[in-house]
Structures are given as structure tokens and as C-alpha cells.
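To start, the structure under review is shown below, and the notes come after it.
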Amino acid sequence: MIRSEDRAVRLGLRENATQFSLLVVVNAFVGAMVGMERSILPTIADREFQLVARTAVLSFIVVFGISKALTNYLAGRLSDRFGRKQVLVGGWLAALPVPFLLMWAPSWTWILVANALLGLSQGLCWSTTVIMKIDLVGSERRGLAMGLNEFAGYVAVAGAALGTGWIAARYGLRPEPFYLGVAFAAIGLALSALVVRETTQHVAHESALRNEPRANRTPGQVFWDTTLRDPNLSSVSQAGLVNNLNDGMAWGLFPLFFAAANMNIDRIGLLAAIYPATWGVAQLGTGALSDKVGRKWLIVSGMWVQAIGIAAVVLASGVAGFVCGSLLLGIGTAMVYPTLLAAIGDVAHPTWRASSVGVYRLWRDLGYAVGALVAGLTADALGLKGAMWLVAVLTFISGLVAALRMTETLGARRQSRGGRSELPSPYPVR
């Protein structure tokens, strides 16, 4: 039976346009925080700290990836237990010291500490904005909602990368580029603390409208279903991990690869921005497209387009080829990124959806650490091109795994009269 207080809560993008739009803006500031170091930190490692080994240069991505991945898992659990807004505000508080540490770090260890805090902040803030948007929109336009979320985040990543690259070319690598980060953190915290509203009431409302098996799952069951047992959820998790594996490689090795091709810091900043900008803008279309054509084949083909894009960068001999490869990598990532989140929302019940998103994002963002380690060790052993070829092959194989294991998740719930829905399940009702 639906409680009277639930009737005042409405699900849908249009019905919650103001709060949804605010969360899109907040996520743009979340993305900008990580974008501020994307085009210049490998150069800082090389020029200011004289790190020669590629594994050492990419250590900041390893620290960031592990910190963010573990925090993603906690963010889902904490959001289910304490509410979304408190977790979001906590994430912004963790972000406040980051730009100051990056500005004034006297050693590479300080840079690693900054990236541990950045990963903590990103895990709490980005996970929570994703969960809150899923809460608000319900099931009808979930792909579009995730496309808008990721659009805002990754266009901001690109904009911040371009901005810090431009500032660094004119004023130096430190401290001026990181002044932007101070503004990003302050504005994000103010919006989250003062204007964003809690969305757990939308979860209660959606749960009241549906009568599905698997509503009561233990944390261990959610973890293993999302990691391994459920073929759809686990296929999504492995694709997310490999997607961020190649993003970690691109983040760490592309600036070095472009520098080895005699690109200046201005040009490297522009090239570093093309990939996330394409990824961000294209998600406006791909997220909504997944609501119409389905999730599975966008995920599979997107992984394969990413592999082609990486190969194109490796084979390129100048700016035009670098741009072409970066565009393909961005398009492929846009096909995959919002679609993976939408697929999680298709399968997971509202009562354990945030926890499942947290598990998915745990594995996905461990991809940063795995990618940086694989790329760094392989680059030290076989060179930059060898590392990039290996990541391209792994990305192609990930798409093949999704093609063989996944079934289509869009429309898996059969809507019945009265707004209730059913999801066929291999698990007993608990």
C-alpha cells in the first residue's frame, strides 16, 4: 500500500527538473576537480620531480584509482544507510585541501596524498550524484539521465584540462593552474550543502510502486551478484573496469606520447581535452539512444570502437592522426559509460540499487589503478607503443565478453497495471 506522504513524491526527469539540473551542475564541478590535473600532472612529474620510470610517473593514477574505487563502494553503502546529501557534502569537504597540496607539494609524496584525497572526494561526490539522479527519474528515461550526468562531468573534465593547460603554458606549471581547483571546490561545496535536497524519499516511493523478488539482499549478496554471479551485472562491472583501464592509460601515457612526438604543452593540453570532450558531449545522444535501442550492443560496440581509437593514436604520425584516434576513443567511451550505469539501474532493485552502483563503481574505478600499473610496467618494458597496443587488445576482449555473457536489460521489467513491475530472476524471493 502506498503511504500518503509517498503520493506527494513524483518520479521523472520533468517532474524533478530543478533538482536534477542542480545535480548536473554539481557534477560538472566534480568533473572539473579531476580535469584540472589531467593535462599537466605527468609533465610536472617529469620536469619538477625528475621521475623517469613510467610506473613512477603513473603512480598518482594508481593512488587515485584505488582511493576512488574503495570510496565508491562505501558511498553506495553509506548512501543507503545515512542518505545521499550527507555523503555528497562529505565528499566536497575532502576535496578542499586538494588544490593547495598540488600547488605547494615539495615532494612527489605530497602529490600522491593529494590524489588519495581527490579519489576519496570523487568517489563520494560522483557516486552520489549518479545515485540521486537515478532516484529522481525512475525507470523511464534512465539512459538519458545518465547521459546528462556523464556529459556534465566529462565536458567539465575536458574544460578544466584545457584551461589548466592554457594557464600552465603562460604562467608555469605551478601554482597558477590549480587556482581553478580552489574555486571548483568552494562552489561545489556551497551548492551541495545549501541547495541540493535529499532523494531517499523517491527511493521509498519507487519501492512502494513495485513488487519484485530480490528486494531484500544482504551486502554480500549484492557484492557477489554485481561482481560475478549475475551475468548482466558482472558483465557491466568488467566492462567498466576495462573502460577505466584504458582511460587510466590515456590519462597517464597520452601526454607523454604526444610530448615524444614534439608537441608543446599548449598542444598537449588541447589533445588531452579532445577525448573527454568528445566523450562528454556524445553522451547526450548515446544515453538517450540506449533507452530506445537497448543497452547490450551499445556497450559491446562501444568497447570495440575504443580499441580502434587507441590503435589509431598508436599508428598516427602527427596531430591529425592523434585527433582522429582521440575522437574515436571518446565516441566509444560515450557509447559505453552512461549505458553501463543505466543497465545497473535496469537490473538492481531500488532498495539495493545504490549498493550495486557502489560495487560496479568499485570495480570500474579500480580500472584506473590497473590501467596505470599495466601501462606503466609495460611502457617501461616495451615502450609507450607496446603499452598502448596491450590496452587496445584488452579493451577489444572486454567487448567480446559482454557480447557472450550479457542479455538485453532494457525492458527486462514487464510493467503491469497499477505501476507494478516484475523482473524474472534466477534467485529465490527473500
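Among residues of segment 168-190 that are in a loop (DSSP other than H, G, I, E, B) and buried (at least 18 other Cβ atoms within 10 Å of the Cβ), those with a beta-carbon under 9 Å from a residue that is among the β-branched types (Val, Ile, Thr) and at pLDDT below 95 at least six positions away or on a different chain give the pairs Leu173/Ile40; Leu173/Thr43; Leu173/Ile44; Leu173/Ile265. Between a residue in segment 18-32 that is in contact (Cβ under 8 Å) with a residue 12 or more places away in the chain and farther than 20 Å from Lys68 by Cα and any residue that is outside any helix (DSSP H, G or I) and of a type in the set (A, V, I, L, M), which pairs come within a Cβ distance under 8 Å, given they are 6 or more apart or on different chains? Between residues of segment 18-32 that are in contact (Cβ under 8 Å) with a residue 12 or more places away in the chain and farther than 20 Å from Lys68 by Cα and residues that are outside any helix (DSSP H, G or I) and of a type in the set (A, V, I, L, M), the close pairs are Gln19/Val196; Phe20/Leu13; Leu22/Val195; Leu22/Val196.
Sub-7 Å Cβ pairs linking a first residue in segment 371-394 that is under 19 Å from Gly65 (Cα atoms) and modelled with pLDDT under 90 to a second residue that is part of a helix (DSSP H, G or I) and among the acidic types (Asp, Glu), at least 6 apart or interchain, are Gly371/Asp247, ordered by first then second residue.
Report yes if Leu362 is under 30 Å from Gly294 (Cα atoms) and buried (at least 19 other Cβ atoms within 10 Å of the Cβ), otherwise no. When the stated conditions are applied, Leu362 passes them. Conditions: (1) without any contact (Cβ under 8 Å) to a residue 40 or more places away in the chain; (2) not in a helix (DSSP H, G or I). Val305 meets all but one. Number of the miss? Unmet for Val305, out of (1) without any contact (Cβ under 8 Å) to a residue 40 or more places away in the chain; (2) not in a helix (DSSP H, G or I): (2).
The set of residues from segment 234-263 being without any contact (Cβ under 8 Å) to a residue 40 or more places away in the chain and assigned to a helix (DSSP H, G or I) is empty.
Inclusion of Leu70 among residues that are in contact (Cβ under 8 Å) with a residue 60 or more places away in the chain, under 19 Å from Tyr360 (Cα atoms), within 14 Å of the chain's Cα centre (by Cα) and surrounded by fewer than 22 Cβ atoms within 10 Å (Cβ to Cβ) is warranted.
The values are calculated or read from the model by the stated rules, or taken from the named source; none is laboratory data. Everything numeric in this text was worked out from a predicted model, so none of it was measured. Heads up, the Cβs are rebuilt from the backbone with ideal geometry, glycines too, and the neighbour counts pull from every protein chain shown.
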